[in-house]
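What follows is a single structure, written as structure tokens, with notes after it.
What follows draws every value from the coordinates through simple rules; no lab data is involved. Because the structure is predicted, anything quoted here is derived from the model rather than measured. Here the Cβ positions follow ideal geometry from the backbone for every residue, glycine too, while neighbour counts run over all protein chains shown.
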Amino acid sequence: MSVADVASVAKSVLVVVAQGKRYALPLDHVIETMRPLPIEPVANAAHYVVGVSIIRGLPVPVVDLGGLLAPVGTLSHPAHARFVMVRAGARHVALAVESVIGVRRLEAGRLHDLPPLLRASLPASIASLGVPDRELLAVLDGGCLVPDEVWETGLAGG
């Protein structure tokens, strides 16, 4: 996804903190934010799948956003103070984050395509980078937050 695509889709974003880093979720993918609910662990799940919570009467996979985006082996497992329920393609997932900063409007001029060197090493869910207030902000592609293989194996509750 190019910066032009992201700019047209992600003018309004929800900024969250996970693993001490700031991430922007396109607001049109965000359903709601909430306090964390009880989580039932799932055996053999990917390292970033915390488990399943019952949200509004439905089982919803809970994914540690920091764990999803951090290199394996660098996780500190911080306390999750908030869940952010998002649409990930046709499914819903609760992202466990440290904090929710709030809704921000990103200017197209502040978004940058990923440099080729970073494109190969960053998760596919990072669509672009922004510098809205002199701090790096990774803009996420809400449609591909959870890798397809996790949904296919059923380990994410989908």
Subtracting the Cα-Cα distance of I31 and L136 from 0.36 nm times their residue separation yields 35.3 nm
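Using r as the Cβ-Cβ distance of A43 and A90, and R0 as 25 Å, what FRET efficiency do you calculate, to the nearest 0.05?
Computed FRET efficiency for A43 and A90: 0.50.
Taking the Cβ of I101 as the centre, find all other residues whose Cβ is under 14 Å away and add up their charges (Lys, Arg: +1; Asp, Glu: -1).
+2
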Quick check on packing: order 89-96, 44-51, 63-70, 29-36 by the mean number of other C-beta atoms within 10 Å, highest mean leading. 63-70, 89-96, 44-51, 29-36
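With a 10 Å radius around each residue's Cβ, average the other Cβ atoms per peptide and rank 18-24, 53-59, 100-106, highest first.
Answer by packing, highest mean first, reads 18-24, 100-106, 53-59.
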For H80, what charge total do you get from the other residues with a beta carbon under 9 Å from its beta carbon, if Lys and Arg give +1 and Asp and Glu give -1? -1
